[in-house]
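Below is one structure, written out as structure tokens; comments come after it.
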Amino acid sequence: PFDVLVVGGGPAGAAAGVYAARKGIRTGIAAQRFGGQVLDTMDIENYISISKTDGPKFAAALEAHVNDYDVDIINLQTASKLIPAATPGGLHEVQFESGASLKSKTIVLSTGARWRSMGVPGEEQYRTKGVTFCPHCDGPLFKGKRIAVIGGGNSGAEAAIDLAGIVEHVTLLEFAPQLRADEVLQKKLKSLPNVDILVNAQTTEVQGKDGKVCGLLYKNRETSEEVCLDLEGIFVQIGLLPNTDWLKGTVNLSKTGEIEVDAHGATNIPGVFAAGDCTTVPYKQIVIAAGEGAKAALSAFDYLIRN
Ligand code: FAD
């Protein structure tokens, strides 16, 4: 059995693996796809000390760093069940879709999350070529340009307010008849001169030219009129889905499915920790996931020396 078994091989899992291995304890990382979301990322310009890199390069560097240590990487394995230790200090078990199972004294859950997409023509084709999920990551790329934010919940409203300070113009599109964002955010939005808000607006197509986004089609759901907006960027903010379905009924999850953790990354199950985008920790970013992964591994080590 492992001392620390990390489930998930994104920035959080890789950091947890390095920190655990540096304690000289038996460490494994099991992942569906080692690298995680960064594999789908183009430029990364906000990982402190690296001015600019790209996703595949960053993912390769994560793996190389983990491989500097004696860590078992078990790639292309999807966890399907966590069976917590029957007694305190006992072994936890993780079962995988393949039928395999691994046991460990402590577990770090770092299965990340995925952004909900609109599912309209052009969206996949122009992903990272104008279609993006992350205002913190990609906002500066659209300086002086026209963009749309899809989704009128809190994350859409926050993104629109944030981006309005960088880009030339923001159109916020909400499918429902009203925005769902908090009143204070709606008030702030409405006070901004370069933000238009459209409700009852159903995005139907992302349009592009020369390999880049050039516009967005939407249907006015009241009048059924189809309208085309000229713009260069589309920020999709219709939900982040944590990869935690397999944990339902074991660790405590929030309303939105995020693993509830305390300041040490501990879950409600002794010896089971969690880190990164799959947790309740706010702001889903690489630098934050990596820091949380390190923290969860140190917490697991602390647990081991006490049990
Ligand atoms: P993830 O990166 O999601 O990794 C999760 C890991 O768990 C993966 O290995 C996955 O295969 C695995 N996994 C999932 N389910 C299971 C399972 N059941 N069993 C086993 N393994 C499983 N952040 C920035 O800071 N800067 C950026 O520029 C930036 N750009 C982004 C661009 C895009 C297109 C996207 C999608 C995200 C971007 N982000 C960016 C966000 C950043 O990628 C995430 O915050 C970060 O990757 C989270 O790390 P994580 O380790 O928590 O999870």
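Angle of helix 11-21 to the longest C-alpha principal axis of the chain, folded into 0 to 90 degrees and rounded to 10: 20°. Among LYS190, LYS284, the ranking by other beta carbons within 10 Å of each residue's beta carbon, starting with the fewest, stands as LYS190, LYS284. Going by a ≥ b ≥ c, the root eigenvalues of the Cα gyration tensor, does the range 154-208 fall in the rounded group (a/c under 1.5), the prolate group (a/b larger than b/c) or the oblate group? Judged from the Cα gyration tensor, the range 154-208 comes out oblate (a/c at least 1.5, b/c at or above a/b).
Inter-part distance, the range 175-251 to the range 55-126, computed on C-alpha centroids, equals 30 Å.
Checking the table LYS190/LYS212; LYS187/LYS212; LYS145/LYS248 against a 31 Å threshold on Cα-Cα, which pairs fail? The answer is LYS187/LYS212; LYS145/LYS248.
Note on the chain: GNM, Cα springs under 10 Å; of VAL199, VAL38, VAL66, the largest mean-square fluctuation is that of VAL199. Each Cα pair under 8 Å and six or more residues apart adds its sequence gap; the mean of these over the residue count of the chain is a relative contact order of 21 percent.
Order of ILE83, ILE161, ILE269, ILE147 from fewest to most other C-beta atoms within 10 Å? By the 10 Å Cβ count, ascending: ILE83, ILE269, ILE161, ILE147.
Taking every DSSP bridge with both residues inside the chain, close to 45 percent are antiparallel. For the range 292-307, the Karplus equation 6.51 cos²θ - 1.76 cosθ + 1.60, evaluated at θ = phi - 60°, returns couplings of 5, x, 4, 5, 5, 5, 5, 5, 5, 4, 4, 4, 5, 6, 9, 10 Hz by residue, with Gly and Pro reported as x.
3J(HN,Hα) along the range 110-121, derived from phi through the Karplus expression 6.51 cos²θ - 1.76 cosθ + 1.60 where θ = phi - 60°, amounts to 9, 8, x, 8, 9, 7, 6, 10, 6, x, 10, x Hz, with x in place of Gly and Pro. Between LEU172 and VAL149, ASP196, ILE197, LEU198, the built amide H atoms are under 5 Å apart, and every one of these is 5 or more places off in sequence or on another chain.
Counted by Cβ distance under 10 Å from ALA12, the other residues give a net charge of -1, where Lys and Arg count +1 and Asp and Glu count -1.
In terms of other Cβ atoms within 10 Å, SER101, SER299, SER224 run from fewest to most in the order SER224, SER101, SER299. In the range 174-307, Cα pairs under 8 Å separated by at least six residues give a relative contact order of 12 percent.
Within the range 40-131, DSSP assigns beta bridges of which about 90% are antiparallel (rounded to the nearest 5). In the chain, helical runs assigned H by DSSP with n ≥ 4 each contribute -39500 (n - 2.57); averaged across all residues and rounded to the nearest 500, the mean residue ellipticity at 222 nm is -7000 deg cm²/dmol. Annotation: amide H-H contacts under 5 Å for ILE74 (H modelled 1.01 Å from N, sequence separation of 5 or more, or interchain): ILE29, ALA30, ALA31.
Each residue of the range 242-248 was assigned a 3J(HN,Hα) from its phi angle through the Karplus expression (A = 6.51, B = -1.76, C = 1.60, θ = phi - 60°), giving x, 7, 10, 3, 5, 9, 3 Hz with x at Gly and Pro. The chymotrypsin sites (Phe, Trp or Tyr not before Pro) found in the range 229-307 that occupy coil by DSSP, while having at most 14 further C-beta atoms within 10 Å, are TYR283. Compute the helix-to-body angle for 154-164: its Cα long axis versus the longest principal axis of the chain, expressed 0 to 90° and rounded to tens. It works out to around 60 degrees. Could you give the longest part of the chain that holds none of the GluC sites (Glu not before Pro) found in DSSP loops with at most 16 neighbouring Cβ atoms within 10 Å? It runs 169-221.
In the elastic network of the chain, a GNM with C-alpha springs shorter than 10 Å, the most mobile of GLY139, GLY239, GLY24 is GLY24.
Proximity of backbone amide H atoms, modeled 1.01 Å from N, is registered between TRP115 and LEU241 at under 5 Å, excluding neighbours fewer than 5 places apart on the same chain. Please find, in a Gaussian network model of the chain (springs between Cα atoms separated by less than 10 Å), the residue of CYS228, CYS214, CYS278 whose mean-square fluctuation is greatest. Residue with maximal mean-square fluctuation among CYS228, CYS214, CYS278: CYS228.
All of the numbers you see were taken from the coordinates with simple rules; none came from a lab. Computed from a prediction, not measured in an experiment: that's the story for all the values here. As a convention, Cβ positions derive from the backbone with ideal geometry for all residues, glycine included, and neighbour counts pool all protein chains shown.
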